[in-house]
Each structure stands twice: as C-alpha cells, then as structure tokens.
Amino acid sequence: MARQLPEWAAANPVIMGLLEYVLEKRDKQILSGDEKPISVTLNPQNPPRALRAALAPFNDPTHDDGLLWDELKWLANEYRCFSIRPAGRRSAGRAPWEGARLSFRDASEPLIRDWLQRPRPLLVNPQWRMALARFEGYFENVDAFPVDGLDLEPGFEDFEELLACWSSIGRELETSSNMSWRQLSARCFLGDSKYLDSGWRQSLVSALFPSMGNRIRERPLLMHLYLPAQMERVLLIENQDTFLWLADLEPAVTALVYIEGYRGGAARVRAPGIARFSTLNEIPMEARRDFLQWWQGQALRALPVYFWGDLDYEGMHIAAALRRSFPDLECWQRGYQPLLDRLLASGGHLPQQAGKERHKAILSTGCAYADNHLIPALVDSGRCVDQEAVTAGQLIASVDDSDL
C-alpha cells in the first residue's frame, strides 16, 4: 500500500479536512486515556464546530460537490480509511453525500499519520510527570529520560521510589571515583547488583550524569585460557565442560578461551584491562604476553578466530556479539557440524524443555556458515542442541591434525 497521499486527494479539501479532524479527535482520546470509535455524519446544515471547516467546501460554489464526494468514496474504499453508510432516506434535491455516516477504521491510523506527517502523541503518565518534577534537580541532565517516562517495574512501590533510586546515583558517584557498575547498582537500586547490567540503563546513567561517568569502573570479565606453545588460531568456547574437555586433548596450535557466554561484554572484551585470564597449563611468560597483545589488538600478527557454543539462538546471539570485537570471527564448523547433523536428523530438544523459550530469534550473525546453515536449521526444526552433545569420537573423526 502506498505510503504517500495521492496528489488528487491532497487537493480535495473535504478529504484533508476529514483526515485532520479524525486525527485531532484521536489525539485527544489518546491523551485522555479513552480511545473509542470515531464516526462522522455529513450534515452541512448544522455540523459540529470542529467539522465545519472540513464540510464547508461541499457548499462552496467554486467546488463540484459531486466530485468531492466521489473522490472521498474512492479513497475510503481503496485505502480502507472509512466505512460509509448512506443516509436512509434522501429527499428530492438532496445531494448523495448529505446525511451519510463515515466510520473511521482504526487499522488505517498509521497510514493516515504517514500521509499527514503527524506522529501518534506520547501518553505521559501524570504520576511520572509529578514525581519527576520533584526529583529533576538531582540530575545533571534530566532531559535524558525518555519523553514518555520510565515504566514502573515490579519491586518499586511508585514512581517516587523509582526516581529516588535513580537520583541517588549522583550522590554515590560524588563520593567515589572507582566504583563498578555492580556496586553502584546494589547501592542505589534496593540492593540489586544486576539492575544496571543492561546497556541502555548504563547509557541512561551516563546521559543523566555526564560529568561523572568516568567515575564508574568497567567490571572485568574473568576468562580461562589454554595456551599452546605455538599459537596459530584461537577458539572461543561457550561452555565450561567442553572447554575443559578440549583442553585435556592438549591442542598443539590452537588457543582455547572459555568465555562463559559473555554476550553482554562482547563489545568491550578486547579493551585493555577488561579481560582477566587464568591459564590452565604451564606456559612461558613470552607466550602469554604475545597472546595478550593479540587479544588487545596490539599485535602485528593476525590470527584466525572461531567460536563454538550451543546450537541455539542464544549461541548465535553470542557469535554475533563477539563479531563486534572480532570482525573476522567464524563459527567453528568442525564443532558445529555434529550438532547440525543431529538437528537435521530430527534430534535435539524443544526450547521449553531447557528454559530457552524466551530466547529471541536472530536473522544474521555475519558468519556465512551460521547464516546459511545453522540459523535456517534452528528455524526449520524449532529445536536446539547443546554443544556438550558432541562426543569425542564425533569430534576427533571430523578433525585432522591441522584443526587443533
């Protein structure tokens, strides 16, 4: 359906007047919290004040009222804007449009708003507005809050309690110059250390208190590492059991990193000081230094990097997030192929069997193998397979010496 109002309709003053009237009435309903059906009776003799200007062209001798009416009917039928019920009885000499009743179709509202470039108004909770007026002096930039306010989440009695928590951030940051997000969150939000874990909440903190954002210390990501004496590639592994199992194989040229599903920290995982590594095997200090330089993007040498995790949507999200830090990262085909074979053979489990029913689907990771094979299999089967399902025999049979 066209998203632009036809030129002839834009030149019809009755059409434009009625569309403006409908949106004006709907906007008032939205702001009052009482949306209900909108109907209009075309009564030129005694129209409501708000409709007079819209219906006036019907009685203007410079306009052909029959043409105005025919164009209105065509628009209503073609774009499903109105349903039209003609007047029950029409006396001699009365125009066909007189007494007709137009009922606005709610489903057409987005289209009409596009036509008229008139966005739907934001309904701001009056309780939010009152609470914000009380606390606005506690924020450096109170305009950083969303225009329609925050949602009142479970655990907060009212907006005043919610804003009291947000406003306390400034006091905490004034007295500390080295506080982690978890510490700040627990001290300000009812003892909940994870409330500020999400990226949008951290961004909101920085926007509300722009001069104090540098007082918050990024939380280190703790990772485990198996490092061979000669490193030719790096494999990032989602789950602990699989990491330990592969490490026990003592790969000759592949470094193994247990990332513990760090999807949220994937964008900053290569920043200096963010990743802290504990090493499983004994390695020379020089080899460890070379790895850390590569990890932080300071080495001249480029290494292939792969990811292997569960064959489910969360695993694909982790792969996509890691590609923000490792642009050339690929899903490790040797590890995923046995999982894919199992899925294609009608194996695997339903998401709700493993508490994965809330995992969000993903259309693309940026890795061709994942996008062309793994994600379509997840979509088609509706099932998942965890990486621990791969046996030693399956993996060893699928790799040659150069793969590890």
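The values are calculated or read from the model by the stated rules, or taken from the named source; none is laboratory data. It should be emphasised that the depicted structure is a prediction, and the values quoted were computed from it without experimental measurement. Don't worry about glycine lacking a Cβ; one is built from the backbone with ideal geometry, like all the others, and counts go over all protein chains shown.
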Residues being of a type in the set (Gly, Ala, Ser) and at pLDDT 90 or above - total across the range 326-360: 2
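Given the criteria in a helix (DSSP H, G or I), under 28 Å from the mean Cα position of the chain (by Cα) and more than 20 Å from residue 330 (Cα to Cα), does residue 394 qualify?
No, not satisfied.
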What are the residues in the range 112-129 that are in contact (Cβ under 8 Å) with a residue 60 or more places away in the chain and either part of a loop (DSSP other than H, G, I, E, B) or farther than 30 Å from residue 7 by Cβ (or both), if any? 118, 120, 121, 123
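Among the residues of the range 1-43 satisfying the criterion of being among the hydroxyl-bearing types (Ser, Thr, Tyr) and more than 16 Å from residue 106 (Cα to Cα), which is modelled with the highest pLDDT?
Let us first name the residues in the range 1-43 that are among the hydroxyl-bearing types (Ser, Thr, Tyr), namely 21, 32, 39, 41.
Now restrict to residues that are more than 16 Å from residue 106 (Cα to Cα): 32, 41.
Details: 32: 75, 41: 88.
In this case the residue turns out to be 41.
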Can you name the number of the only condition in (1) in contact with a Ser or Thr (Cβ under 9 Å, 6 or more places away or on another chain); (2) without any contact (Cβ under 8 Å) to a residue 40 or more places away in the chain; (3) not aromatic (Phe, Trp, Tyr) that residue 161 fails? (1)
In the range 220-246, what residues are surrounded by fewer than 16 Cβ atoms within 10 Å (Cβ to Cβ) and in contact with a Phe, Trp or Tyr (Cβ under 9 Å, 6 or more places away or on another chain)? 222, 240, 244
Which pairs do you get when a residue that is more than 30 Å from residue 340 (Cβ to Cβ) and in contact (Cβ under 8 Å) with a residue 24 or more places away in the chain, found in the range 288-317, comes within reach of a residue that is surrounded by fewer than 15 Cβ atoms within 10 Å (Cβ to Cβ) and of a type in the set (Ser, Thr, Tyr), reach meaning Cβ atoms under 8 angstrom, with the pair 6+ apart or on two chains? 288/279
Identify all residues within the range 278-315 that are assigned to a helix (DSSP H, G or I) and under 25 Å from residue 386 (Cβ atoms); write none if there are none. 313, 314, 315
Pairs, first farther than 17 Å from residue 12 by Cβ in the range 42-55, second aliphatic (A, V, I, L, M) and crowded, with 17+ Cβ neighbours inside 10 Å, C-beta under 6 Å, six or more apart: 47/55
Those residues of the range 364-390 which are at pLDDT 90 or above and in a loop (DSSP other than H, G, I, E, B), in sequence order: 364, 365, 366, 367, 382, 383, 386
If you check 183, 202, which single one turns out to be closer than 27 Å to residue 273 by Cβ, without any contact (Cβ under 8 Å) to a residue 12 or more places away in the chain and assigned by TED's automatic domain parsing to the domain that holds residue 140? 183
So which residues in the range 85-128 are touching a Phe, Trp or Tyr at 6+ places or on another chain (Cβ under 9 Å) and either among the β-branched types (Val, Ile, Thr) or within 30 Å of residue 163 (Cα to Cα) (or both), if there are any at all? 112, 125, 127, 128
Which one is surrounded by the most Cβ atoms within 10 Å (Cβ to Cβ), of the residues in the range 316-328 that are part of a helix (DSSP H, G or I) and either among the hydrophobic types (A, V, I, L, M, F, W, C) or not assigned by TED's automatic domain parsing to the domain that holds residue 374 (or both)? 319
Per-region count, the range 157-187, residues surrounded by 15 or more Cβ atoms within 10 Å (Cβ to Cβ) and within 13 Å of residue 139 (Cβ to Cβ): 9
Checking the structure you have, find out if any residue of the range 331-350 is hydroxyl-bearing (Ser, Thr, Tyr) and touching a strand residue (DSSP E or B) at 6+ places or on another chain (Cβ under 7 Å). yes
Might you check whether a residue that is assigned to a helix (DSSP H, G or I), without any contact (Cβ under 8 Å) to a residue 24 or more places away in the chain, closer than 30 Å to residue 31 by Cα and of a type outside the set (Lys, Arg) occurs anywhere in the range 232-251? no
Where the second residue is surrounded by fewer than 15 Cβ atoms within 10 Å (Cβ to Cβ) and the first is β-branched (Val, Ile, Thr) and lies in the range 130-147, which pairs have Cβ atoms under 8 Å and are six or more apart or on separate chains? 142/136; 147/122; 147/124
Can residue 107 be described as more than 16 Å from residue 17 (Cα to Cα) and surrounded by fewer than 16 Cβ atoms within 10 Å (Cβ to Cβ)? yes
